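Peer 1: Attaching a single structure in structure tokens format; questions to follow.
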Amino acid sequence: GDFILSDSYLSVIEAIKYSSYAQNRKPIMTWLNSSDFSAKGGSASGGEVAKNLRKLKNYDGIIIPGGFGSRGVEGNLNVIKFVRENKIPYFGLCYGMQMMVIEYARNVLGLKDANTREVNPKSKNMVIDVMESQKEILKNNSYGGSMRLGEYKAVLRDGTIAREAYVSSSQSRPLNLQKGPTFITERHRHRYEVNPAFVADLEAKGLVFSGRSPDGHLMEIAELPKSKHLFFLGTQFHPEFLAHPLNPHPLFSAFIKACIKKLK
């Protein structure tokens, strides 16, 4: 992530613990510096980067949490590419999902300059961008007014890892499981979104947007199907904000279960 001190991600740490304890497991967490995974603007040489990436095989799962700015981006992208190709469970939170989409656009879709406006506003393939309605606000440098904050609904796609996770926990988190779409409500804190112009091409290459806003315009969850990866999923929202000791968040629980499966 952007920060090395674990206190910066206290909610994420607690969410991991809640889901792990529910599986009778005690998590062992290691904090990694994203700059160690990139020779471009990072602290490591090319050989050290390759060595550090190989060490990721010793982990049962990788989480890239929320963040902002350009620090550590290339390192994050290298990590995501490695865990995707080596079938290591991956969970991206907010910025971690955006990085996941950029990595997929670069290395699977072939858009080598794919980026987020936050990092490179001159990219020709802006797969992560601000919503049109917010661009005028940003022109006036009103950054606080441009964020998507608070609880919003999302619709889950049938036959996906995300929907399966929520449905399996529906006794503690009531869902609409009758005829019609399955809605969830999650908390958000972000300014940038997956650019809708790239969604069809990304899905044509295998990335599944398993959660969307009710109007279908905003991508809330991205994943690879189980046939391609044990667990490769990211959320635009912050699931850690709704995790509780006696009611772990279903997506964190699904991630922990995938980590346990890899361990076996």
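Peer 1: Scan (1) touching a Gly at 6+ places or on another chain (Cβ under 6 Å); (2) outside any loop (DSSP other than H, G, I, E, B); (3) over 28 Å from ASP201 (Cβ atoms) for the single condition GLY92 breaks and write down its number.
Peer 2: (3)
Peer 1: While we're here: Name the pairs whose Cβ atoms lie under 6 Å apart, with the first residue in segment 150-178 and within 20 Å of PHE209 (Cα to Cα), the second part of a strand (DSSP E or B) and modelled with pLDDT under 65, and 6 or more positions between them or separate chains?
Peer 2: none
Peer 1: Testing GLU85 on (1) without any contact (Cβ under 8 Å) to a residue 12 or more places away in the chain; (2) within 14 Å of the chain's Cα centre (by Cα), one condition comes back false. Which one is that?
Peer 2: Only one criterion in (1) without any contact (Cβ under 8 Å) to a residue 12 or more places away in the chain; (2) within 14 Å of the chain's Cα centre (by Cα) is unmet by GLU85, namely (2).
Peer 1: If you don't mind, another one. More than 18 Å from the chain's Cα centre (by Cα), in a loop (DSSP other than H, G, I, E, B) and touching a residue at least 60 places away in the same chain (Cβ under 8 Å) - does that describe any residue in segment 26-45?
Peer 2: There is at least one residue in segment 26-45 that is more than 18 Å from the chain's Cα centre (by Cα), in a loop (DSSP other than H, G, I, E, B) and touching a residue at least 60 places away in the same chain (Cβ under 8 Å).
Peer 1: Within segment 199-215, restricting attention to residues that are in contact with a Pro (Cβ under 9 Å, 6 or more places away or on another chain) and outside any strand (DSSP E or B), which residue is surrounded by the most Cβ atoms within 10 Å (Cβ to Cβ)?
Peer 2: Of everything passing the filter in segment 199-215, GLY206 is surrounded by the most Cβ atoms within 10 Å (Cβ to Cβ).
Peer 1: Further question: Taking segment 48-78 only, how many residues are among the basic types (Lys, Arg) and either in contact (Cβ under 8 Å) with a residue 60 or more places away in the chain or crowded, with 20+ Cβ neighbours inside 10 Å (or both)?
Peer 2: Number of matching residues: 1.
Peer 1: To continue, here is another question. Identify the single condition in (1) assigned to a helix (DSSP H, G or I); (2) at pLDDT 95 or above; (3) not aromatic (Phe, Trp, Tyr) that SER227 does not satisfy, given that it satisfies every other one.
Peer 2: Going through (1) assigned to a helix (DSSP H, G or I); (2) at pLDDT 95 or above; (3) not aromatic (Phe, Trp, Tyr) one by one, SER227 breaks only (1).
Peer 1: In addition: Can you give me the number of residues within segment 235-250 that are among the hydrophobic types (A, V, I, L, M, F, W, C) and either within 17 Å of VAL83 (Cβ to Cβ) or assigned to a loop (DSSP other than H, G, I, E, B) (or both)?
Peer 2: Going through segment 235-250 one residue at a time, the tally reaches 3.
The values are calculated or read from the model by the stated rules, or taken from the named source; none is laboratory data. Quick caveat, the model's predicted, so the values are computed rather than measured. Note that we place each Cβ from the backbone using ideal geometry, even for glycine, and neighbour counts take in every protein chain shown.
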